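Engineer: Below you'll find the structure I mean.
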Amino acid sequence: MQPGTVVLSWPAVGGGTHTASDAAVSGTLAGNATGTVSYARNEIEFVPTILPAPGAIISVDYFDAPKQVDPFDHPARDGNGKVPVVATLGAIEPGSLEVEWDTATSVTAIGTYTRDQIAEMGVQLGGSLTHIARDDGSGNIKLNGVTIGTVTYGTGAVLFNPDVTTKIPRPNLSTGVAISSGPGVLGVNGGVDGPPTTRYRLNVSGVTYISTPCVYPGANGLVELRYNSAAGSAAQTQEFPFSPTLEIIEDVRPALLPGALVLRVGGELMGDSGVGVLRTHQAGGWINRGTLSYTNATASLTSWPAGAANAFDRLSCISAVRNTKSLDNISPTALMHERRSNAFAAPAGHDVSEAVALV
């Protein structure tokens, strides 16, 4: 896709047509929808302001453009700690660049005790993570809205800081009630005359997601550039049915405990059946609204209240850190997410979005 040529249109509920476009080359949509455009991968994340009717067809008009993928094996940092690479074809079309690289999670910054807690929760640290940054059409390379590097479009020179941060779970613990045993008191082994013994229990009050460094692995690092090498001139049109996906828990992807999820979408309550079905109850009985992925905390909708505002409230949700449960485990195995929980930065309302892949 050529930046600045993408236009989406779909039927509005009640008549007429809604549209959205990437009039700027920053890779974002504006109009009756928001979202992002990956020109290098021919993908659009489409977030309409008002939910279309189920089965609505999204028409996508754009200009095709030649694409290029350049892999680089373990490019070295420069004297300032940044990674320089140059596109093999030279020029890069503004707005079309994606930079992908991997990092290793640093465990030294979070302390031994916290690392042990996290290990008890079944979370493996120190693995490789992949990151994707994009240019904004003005020569800046951005990751999650933060500028981490620059690109010179005429020469294809890219320079970026590969070190980032990620979020990992840490249990919130407090000391519980002490239980003593000794003369006249039932001992822990059933006796009544043993020596005094005190045991403490750690109570779990929730989970805090903390930031930890992800460091570029140097000799083991991989970097890939994806970009348009020239402007597009061939007009294309493709159509897709609107099939929205909900991200149940923002920022992270913990597994969900079956049967605990309740959402409100467009004023309608939707609940988890316990077997991966999202449904609502109406006068005639249960109506299926979609499916749930307990593994990555997402829901795929097949029907919804048409014409409602594109937002949902998470009314009840429990996420599992791991599947096994133990009352004596010092780490939490499940976390209740309240509607107005302050465990996350985002508010309770989130958008219903769809990822559209252009082929």
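Engineer: Using the Cα gyration tensor of the stretch 205-248, with a ≥ b ≥ c the square roots of its eigenvalues, what is the shape: rounded (a/c below 1.5), prolate (a/b larger than b/c) or oblate (neither)?
Structural biologist: oblate
Engineer: Once you list every other residue whose beta carbon is under 10 Å from the beta carbon of Ile141, what net charge do they have if Lys and Arg are +1 and Asp and Glu are -1?
Structural biologist: Taking every other residue near Ile141 into account, the sum is -1.
Engineer: Something else now. Quote to one decimal, in nm, the extra length available between Asn140 and Val69 on full extension: 0.36 nm per residue of separation minus the C-alpha distance between them.
Structural biologist: 23.6 nm is the gain from fully extending Asn140 to Val69.
Engineer: Still on this structure, please answer the following. Report the local net charge at Gln236: Lys and Arg +1, Asp and Glu -1, summed over other residues whose C-beta lies under 15 Å from its C-beta.
Structural biologist: -4
Engineer: Another question about this same structure. Between Arg264 and Asn220, what length in nm is gained on full extension when 0.36 nm per residue of separation is reduced by their alpha carbon distance?
Structural biologist: 11.3 nm
Engineer: While we're here: Grab the other residues whose beta carbon is less than 14 angstrom from that of Gly27, score K and R as +1, D and E as -1, and report the net.
Structural biologist: -3
Engineer: Could you please rank Thr150, Thr155, placing first whichever residue has the fewest other Cβ atoms within 10 Å of its Cβ?
Structural biologist: Starting with the residue having the fewest Cβ neighbours, the order is Thr155, Thr150.
Engineer: Something else: Given axes a ≥ b ≥ c from the Cα gyration tensor, I'd like to know whether the stretch 53-96 is rounded (a/c under 1.5), prolate (a/b larger than b/c) or oblate.
Structural biologist: prolate
Engineer: Could you work out how much longer the chain between Thr150 and Gln282 gets when fully extended? Use 0.36 nm per residue separation minus the Cα distance between them, nm to one decimal.
Structural biologist: Result for the pair: 42.1 nm of gain on full extension.
Engineer: Quote the FRET efficiency, to the nearest 0.05, computed for Val7 versus Ser174 with a Förster distance R0 of 51 Å and r equal to the Cβ-Cβ distance.
Structural biologist: Efficiency computed from Cβ-Cβ geometry: 0.40.
Engineer: On to the next question. Using the reciprocal of the averaged 1/r over all distinct C-alpha pairs, how large is the Kirkwood radius of the stretch 1-70 in Å?
Structural biologist: 12.6
Engineer: For the residue pair Gln238 and Arg77, what label-to-label distance in nm results when each label sits 7 Å from Cα along the Cα-to-beta-carbon direction?
Structural biologist: 3.9
Bear in mind these aren't lab numbers, they're just calculated from the coordinates by the rules spelled out. Only a predicted model underlies this, so the values are computations on that prediction, with no experimental measurement involved. Using ideal geometry, Cβ is built from the backbone for each residue, glycine included, and neighbour counts are taken over all protein chains shown.
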